[in-house]
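The values are calculated or read from the model by the stated rules, or taken from the named source; none is laboratory data. Please read these numbers as outputs of a predicted model, since none were measured by experiment. Here the Cβ positions follow ideal geometry from the backbone for every residue, glycine too, while neighbour counts run over all protein chains shown. All accessible areas refer to the heavy atoms of the entire protein, side chains included, with ligands and DNA or RNA removed. Shrake-Rupley method; radii C 1.70, N 1.55, O 1.52, S 1.80 Å.
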Amino acid sequence: MSSSSRPLTLPKSELDACQLEQEHVHKVYNEIAHNFSNTRYKPWPRVVDFLCSFSNGSLILDVGCGNGKYMNIRNDIMMIGCDRSEGLLKICRDRYFEVFLSDCMNIPVPTNMFDGVICIAVLHHISTEARRLLALKEIVRILKPGGQALVTVWAKEQEIDNKKSTYITKNAKTCPIHTKNETTNELIIHTPRTEFQQPDCLVPWAKPTEKVLRYYHVFIKNELEHILNHISQVKIINSYNDDGNWCIIFMKIA
Amino acid sequence: MKLITHNMLTSNILKGVTRGFPLKIKADKMEHISVDYNRDFIARIIPRIEYDALRAAVNDLGLNESLPEAMSETLQQDDEFLKTMHKVLLEYEVEEGELICPETGRKFPISKGIPNMLLQETEVS
Ligand SMILES: C[S@@+](CC[C@H](N)C(=O)[O-])C[C@H]1O[C@@H](n2cnc3c(N)ncnc32)[C@H](O)[C@@H]1O
């Protein structure tokens, strides 16, 4: 995958961040699109509940829609998807979903357009806080006043109130734990099915080739709230942990 | 890409572009697929549509569909009109072609029904 043999580090500039995401997020999703899609077909119940809260005829955008697993939950709302992976969008098209290729930091739609937005498991692939803020600002921009968004991200804490998430209870491994070299800001390779050692890491995609590493920034409790606090026009409606993911529902206020 | 999606796309993400709407369409390959008609759904969607942009798209594509010049409250209850809107918004698909920014002429290719709206770093506003 990665052409460079030197270890990867946290991005120090905007350019670094773009390159890291290009190499270890966008390229990876295109490469693993079919495999990924075959393992990601089960909608999360609380995302479905959120989608069911909208009235007939609502316009909803799925930001980072992947293979479109939330795009046919209802047939009485207008659901459009966007994603950076052409490979995954082609799978959406095979299912007759409406999609466009775009980056979640620059979504080519008018301001105040959508009744609802979902952004499920996407923001943890963005490698600086400034860029994560940009992505959330973009979601707020495109929502109409009164519109609501559900954003979920992978949690650093995989055990809440003594309850381990499915992620670490399923096929738990007993592999050596990698630790970070404090002086270099090196990105460590996360050992799958274990607790996260660092908020920023590379997660191996096991199949089909083990060398494929996806970049993740796993979020700590209240981190989404902290970023949203930088944006006016946001009212937080609910925030919760859902099996190893931090989730937040917010409304755009006028 | 259906025309309902076109009705929501803009090039306002380009540096220097203010509205970027509506995008002009050039189609090299189109398809018509039938979609179940749901009167209630289409009636609720219509108030959200930029009608002039939709008419411009129909014109760009040379579709043989007659959309009245102006939309009105009475028209929004008219079954004939609702059926035409259903067909125009949901049944035509642009498979290959391009979208063109009305302000800069920047072209966004459409391939396999997917508009590519990705920008170069230098184009971002
Ligand atoms: C874990 S998948 C989640 C897909 C889908 N939301 C779901 O719940 O199944 C992450 C998705 O985010 C997309 N993605 C990552 N970075 C993105 C960006 N900067 N802009 C748009 N999409 C992005 C990837 O292409 C991928 O489809």
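Couple of notes before you dig in:
- For A:I248, the shell of other residues with beta-carbons less than 11 Å away shows a net charge of -3, using +1 for Lys and Arg and -1 for Asp and Glu.
- Prolate/oblate/rounded label for the range A:76-144 (Cα gyration tensor, a/c 1.5): oblate
- Its DSSP H runs of at least 4 residues, each contributing -39,500 (n - 2.57), put the calculated 222 nm mean residue ellipticity of chain A at -7000 deg cm²/dmol, to the nearest 500.
- The protein assembly as shown - charge dipole about Cα centre, Lys and Arg +1 at Cβ, Asp and Glu -1, debye rounded to 20: 880 debye
- GNM top mover of A:G66, A:G81, A:G146 - chain A, alpha-carbon springs below 10 Å: A:G146
- Look at the Cα gyration tensor of the range A:1-134: its axes a ≥ b ≥ c give a/c of at least 1.5 with a/b over b/c, and that counts as prolate.
- With a Förster radius of 51 Å applied to the beta-carbon distance between B:E103 and A:I220, the computed FRET efficiency rounds to 0.75.
- Relative contact order (percent, whole number), chain A, Cα cutoff 8 Å, 6+ residue spacing: 19 percent
- Farthest positive-ward along chain A dipole, Cα basis, beta-carbon charges - from A:N229, A:V28, A:I107: A:V28
- Our note on the geometry: Cα centres of the range A:48-70 and the range B:21-84, 23 Å apart.
- Placing unit charges on the Cβ atoms of the charged side chains and taking the dipole of the range B:3-117 about its Cα centre, the candidate lying farthest along the positive direction among B:I33, B:L61, B:P109 is B:P109.
- In sequence order, calculated HN-Hα J values of the range B:4-19 (Karplus, 6.51, -1.76, 1.60; Hz; x Gly/Pro): 5, 6, 3, 5, 10, 8, 9, 9, 5, 7, 6, 4, x, 8, 8, 10
- Local electrostatic count at B:M117 - Lys and Arg +1, Asp and Glu -1, tallied over other residues with Cβ under 12 Å: -2
- Accessible area per residue in Å² at 1.4 Å probe, computed on the protein assembly as shown: 46 Å²
- 5 angstrom amide H check on A:T191, placed H, neighbours 5+ away: A:H178
- Shape parameters for the protein assembly as shown, alpha-carbon atoms, Rg then Dmax in Å: 21.6, 70
- Amide H contacts of A:V234 (H built 1.01 Å from N, in plane; Pro and chain starts excluded): A:I253 sit under 5 Å, all sequence-distant by 5 or more or on other chains.
- Charge dipole of the range B:3-117 (Cα centre as origin; +1 on each Lys and Arg Cβ, -1 on each Asp and Glu Cβ, all else neutral): 580 debye, rounded to the nearest 20.
- Considering only A:H26, A:H230, A:H190, the mean-square fluctuation computed in a Gaussian network model of chain A, springs between alpha carbons under 10 angstrom, is largest for A:H230.
- Rounded to 10°, Cα long-axis angle of helix B:51-61 versus longest principal axis of chain B: 70 degrees
- Cut-off of 10 Å, at most 15 other beta carbons, DSSP loop: longest stretch of chain A lacking such chymotrypsin sites (Phe, Trp or Tyr not before Pro): A:97-254
- Compared with the dominant principal axis of the Cα atoms in chain A, helix A:27-39 is inclined by about 70°.
- The 3J(HN,Hα) values that the Karplus relation (6.51, -1.76, 1.60; θ = phi - 60°) gives for the range B:81-89 are, in residue order, 5, 4, 5, 5, 4, 4, 5, 5, 6 Hz. Gly and Pro appear as x.
- Relative frequency of Cα-Cα separations exceeding 26 Å in the range B:3-117, percent: 20 percent
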